[in-house]
Every structure is written in C-alpha cells, then in structure tokens.
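Participant: First, the structure itself, so that you have it in front of you.
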Ligand code: GRF
C-alpha cells in the first residue's frame, strides 16, 4: 500500500511512520506533502529518500477550495492508497475529505472526544484531568470527529505545563500512529489502546 503523509512542521510523526514502513510491513511512504515549503519535516523526508512536495497555502488567502485543488495535484500524482495527516495544521473542506473517505487518518493530541481543536494539553491541565494522551482517528468532514482507531494515555502530573505534558504525549504518538497505520494497512480497524 502507498501512504502519503501530510505535514505542516517538524514532522516527527511522519518520521516515526516512515521508519515503521519497512520489511514485511505492507505499506510504504509514497509522498510527504506540506502546506509550508519551509517545514523542517520536508528535509527529514528527503534525507530518508521519500518524495516530497509543498503547496504554500498563504497565496490562496483563505480560498480553501483553490488551495485544496493545488494540493490535490501532487497528492493524486503519488497515487496514495492511504493518507496520514501528521501534524498537518490546515482544516480540510468536506469535499476534500469525502474524496478520501475511509482512507485518511489523523493524529490528534487529546483523548477524543475530549478537547477537539487546539491547545489540547492546556485545556486538559486546566480541567484538572488525571490523564491526557493522543488519538488516531479516521478523518471525516467534522473536525477531529471520525471513528477512533487508537488511543494512548499518559498521566498528568502535578506541576505539568502544556510543554511538559506535550513532551510526555509526543513519544506515545510515535508509538501509536505506526501501530494503527500497520493495523489499517493489514485491514484491521479494531481500536487499540496503549499502554
Ligand atoms: C503533535 O502534537 C501532533 O499531535 C499534532 O501536531 C504536533 C506536531 O506533530 N498533530 P509533528 O512533530 O509535526 O509530527
């Protein structure tokens, strides 16, 4: 299976996913695509020998449909079977999502359905939650809302800040996303929990 990975920044989840697709893994990365030509993840992908492309969203000034039409060009050319959003920070329209319904995954840094949207760690700390974590889900038209494929939990500790909590969650993202991707590539969509 061919997997296209969409990023906006450091691409640490992209690296974890790409590194996992080796040996008897049924999938391989076919493209790393960013909405920011300066995303440091692009250089990491190139260093791993993965094809890359960038479509800067800024010239489109909020014309989502036009940006997505431009994004589709390199994406469709790569002929992906699955699309993994990994630190991709642009909201996609329902039309775009529908085109890949059931074949697009995302990782979100909260225990969905709690804390959809941004600033998830700050909100969990503020709420006094005992746990935080991350969720891999199928992407649907509603933001951060599709069927859950996997979750990883970490404790929230006294004195945690959003940064210290993010630092505890991120390594779990790097374990969860590759695990879920392999299961999906093998045709298994039963939700998985870590630890
Ligand atoms: C991570 O917290 C991820 O959950 C969120 O974006 C952040 C950066 O991800 N989606 P990455 O390092 O660019 O993969």
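Only the coordinates and a few stated rules stand behind these numbers; no lab work does. Note that this is a predicted model, so its numbers are computed, not measured. Note that each Cβ is placed from the backbone with ideal geometry, even for glycine, and that neighbours are counted across all protein chains shown.
Participant: Taking the Cβ-Cβ separation of residue 1 and residue 98 as r and a Förster radius of 22 Å, what is the calculated FRET efficiency to the nearest 0.05?
Facilitator: That gives a FRET efficiency of 0.60.
Participant: Pick from 82, 71, 157: which is most flexible by mean-square fluctuation in a GNM of the chain where alpha carbon atoms under 10 Å apart are linked?
Facilitator: In the Gaussian network model the winner is 157.
Participant: Please compute the length gained on full extension between residue 51 and residue 142, using 0.36 nm multiplied by the number of residues separating them and subtracting their Cα-Cα distance.
Facilitator: Extending this stretch completely gives an extra 29.8 nm.
Participant: For segment 31-120, treating each Cα as an identical point scatterer without solvent, what Debye log10 I(q)/I(0) comes out at q = 0.17, 0.19, 0.23, 0.24 1/Å?
Facilitator: Cα-only, vacuum Debye calculation for segment 31-120: -0.82, -1.02, -1.37, -1.43.
Participant: Report, please, the projected area of segment 65-118 averaged over directions, based on the convex hull of its C-alpha atoms, in nm².
Facilitator: Directional mean of the projected Cα hull area for segment 65-118 stands at 4.2 nm².
Participant: Okay, next question. Would you mind estimating how fast segment 2-188 diffuses translationally, via Stokes-Einstein at 37 °C and 0.692 mPa s with the Kirkwood radius over Cα pairs, in µm²/s?
Facilitator: Values: Rh = 16.8 Å.
Estimated diffusion coefficient is 196 µm²/s.
Participant: At 222 nm, what value in deg cm²/dmol follows for the chain if DSSP H runs of at least 4 each add -39500 (n - 2.57) and the sum is divided by all its residues, to the nearest 500? Write down the numbers at each step before the final one.
Facilitator: Details: 6 runs with 68 residues, N = 195.
After summing the helix terms and dividing by the residues of the chain, the value is -10500 deg cm²/dmol.
Participant: Cα-Cα pairs above 14 Å in segment 72-151: how many percent?
Facilitator: On the way: 1979 of 3160 pairs.
Taking all Cα-Cα pairs of segment 72-151, the fraction more than 14 Å apart is 63 percent.
Participant: Let me ask something else. How much FRET efficiency would the formula 1/(1 + (r/R0)^6) give for residue 126 and residue 194, where r is the Cβ-Cβ distance and R0 is 22 Å, rounded to 0.05?
Facilitator: Efficiency, from the Cβ-Cβ distance: 0.35.
Participant: Against the empirical 2.2 N^0.38 Å scaling, what ratio does the C-alpha Rg of segment 147-195 come to? If you can, show how the numbers build up before the last one.
Facilitator: Values: Rg = 12.7 Å, N = 49, 2.2 N^0.38 = 9.7 Å.
Segment 147-195 yields a ratio of 1.32.
Participant: How far apart, in nm, are two points set 7 Å out from the Cα along the Cα-to-Cβ line at residue 28 and at residue 167?
Facilitator: Each label point lies 7 Å from its Cα, and together they span 3.8 nm.
Participant: Per the Kirkwood treatment, what hydrodynamic radius in Å, one decimal, follows for segment 97-195 from the mean inverse distance over all distinct Cα pairs?
Facilitator: On the way: mean 1/r = 0.0731 Å⁻¹.
Hydrodynamic radius (Kirkwood, Cα only) of segment 97-195 equals 13.7 Å.
Participant: Report the FRET efficiency, 1/(1 + (r/R0)^6), for residue 38 and residue 90, where r is their Cβ-Cβ distance and R0 is 25 Å, rounded to 0.05. Display every interim value, and only then the final one.
Facilitator: Numbers: r = 15 Å, r/R0 = 0.60.
About 0.95, to the nearest 0.05.
Participant: Additional query: Provide the convex hull volume over Cα atoms per residue for segment 1-73, in Å³.
Facilitator: 79 Å³
Participant: Considering the chain as a Gaussian network with a 10 Å cut-off on Cα pairs, which listed residue, 165, 33, 72, attains the greatest mean-square fluctuation?
Facilitator: Maximum among the listed residues: 72.
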